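J.: After the structure tokens below, expect a handful of questions from me.
The values are calculated or read from the model by the stated rules, or taken from the named source; none is laboratory data. What you see is a predicted model; the values in this text were computed from it and never measured. We place every Cβ from the backbone using ideal geometry, glycine too, and count neighbours over all the protein chains shown.
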Amino acid sequence: MRDYIKRIKDGCPTWRFVIWWVIRASLIFAFVKGFFPAGGEAFDITDPLQVGANFLCTFVWEIFMLFPEKSILRHIPSSVQTFLMIGIWCGSFGGKFLNLYYDFRWWDVILHFVGGAACVFFGYEISCAILKCKKQTAPMSLVLLASVGFSFLAATGWELFEFGFDQVAGMMGGYPGDAQHWSLELALGTPKELTLFNPIVAERWPLMDTMADIVLNSVGAVISYIIIRIHPYRHKGKNKFDLTFAEKETANIA
């Protein structure tokens, strides 16, 4: 346990811990508050469930640090969790608890755009962690391909989570959740009624919402790809990984 605590302290500056626990405290508050709706509102089990599920995701880096040194997960920097937690807070506390998904038309648009961009950086950090752990090198083009692929995987995984959550919430509470924003009835009279694309007919509204998410994720991913291509920040100096495997083998033979 002492080694684990030292590992945590060495891998994460104090100011990051402060940010993490401020975010976690707000999510705990939203989780508890979800069981006590105000103003005579009907209790909705999906409110605390969604916040609670996202809260658990705020501990991934600490869990990674439990793994041995030879594990790839041990080499992922704590900065990744900081950005992940900010995204979770915006979606769970801002979007769900404060209802900004419906009260602010562009909230979901911004989150998916930034999320698609951030996941390319996450994929880039994971790729670099693999290279660092295995003490290997790889072409920059391959690292970027993996990074963009990770972004699309994460975006698809999120849509699957929303779909699965709504199904489970429906079985538990008798009425599906709305994580996937499938209900036009709930959106009527709110800024959310206007989707990024014209649904043409009302029946296409849920489809337009989901497809807008995918388009925004893709645009954000492309922009991140361009930024990292211009400034490959972990492929310089002693952290330079942009050599081919063939070049490395040649260097070893020589």
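J.: Show the residue pairs meeting these rules: Cβ distance below 6 Å; 6+ apart or different chains; first residue within region 7-31 and farther than 19 Å from F93 by Cα; second residue aliphatic (A, V, I, L, M).
T.: Within 6 Å, the pairs are R7/M65; I8/M65.
J.: Separate question: Checking S147 against (1) farther than 18 Å from G95 by Cβ; (2) in a loop (DSSP other than H, G, I, E, B), only one condition comes out false. Which one?
T.: (2)
J.: Filter region 89-122 for residues that are of a type in the set (D, E, K, R) and under 20 Å from V51 (Cα atoms) and give the result. Working first, answer last.
T.: Our first condition is that a residue be of a type in the set (D, E, K, R); within region 89-122, this holds for 96, 103, 105, 108.
K96, D103, D108 - these are the residues of region 89-122 that are of a type in the set (D, E, K, R) and under 20 Å from V51 (Cα atoms).
J.: Something else: Quick check, is R234 at pLDDT below 80 and either touching a helix residue (DSSP H, G or I) at 6+ places or on another chain (Cβ under 8 Å) or surrounded by 14 or more Cβ atoms within 10 Å (Cβ to Cβ) (or both)?
T.: Values: at pLDDT below 80: yes; either touching a helix residue (DSSP H, G or I) at 6+ places or on another chain (Cβ under 8 Å) or surrounded by 14 or more Cβ atoms within 10 Å (Cβ to Cβ) (or both): yes.
Here the answer is yes, as R234 does meet what is asked.
J.: Quick one: which helices (runs of 4 or more DSSP H) sit completely within region 1-119 and have at least 2 residues that are among the hydroxyl-bearing types (S, T, Y)? Spell out the reasoning first.
T.: Values: elements: 2-11, 14-33, 46-56, 60-64, 78-88, 100-103.
Ranges flagged: 14-33, 78-88, 100-103.
J.: Which condition breaks for V168 when tested against (1) modelled with pLDDT under 85; (2) closer than 22 Å to Q81 by Cα?
T.: Exception for V168: condition (2).
J.: Further question: Quick one: would you say F104 is surrounded by fewer than 21 Cβ atoms within 10 Å (Cβ to Cβ), under 14 Å from the mean Cα position of the chain (by Cα) and of a type in the set (F, W, Y)? Outline the logic, then answer.
T.: Numbers: surrounded by fewer than 21 Cβ atoms within 10 Å (Cβ to Cβ): yes; under 14 Å from the mean Cα position of the chain (by Cα): no; of a type in the set (F, W, Y): yes.
So F104 does not fit the description; no.
J.: Residue check: is I8 within 23 Å of the chain's Cα centre (by Cα) and within 30 Å of S127 (Cα to Cα)? Give the derivation first.
T.: Working: within 23 Å of the chain's Cα centre (by Cα): yes; within 30 Å of S127 (Cα to Cα): yes.
Against the criterion (within 23 Å of the chain's Cα centre (by Cα) and within 30 Å of S127 (Cα to Cα)), I8 qualifies.
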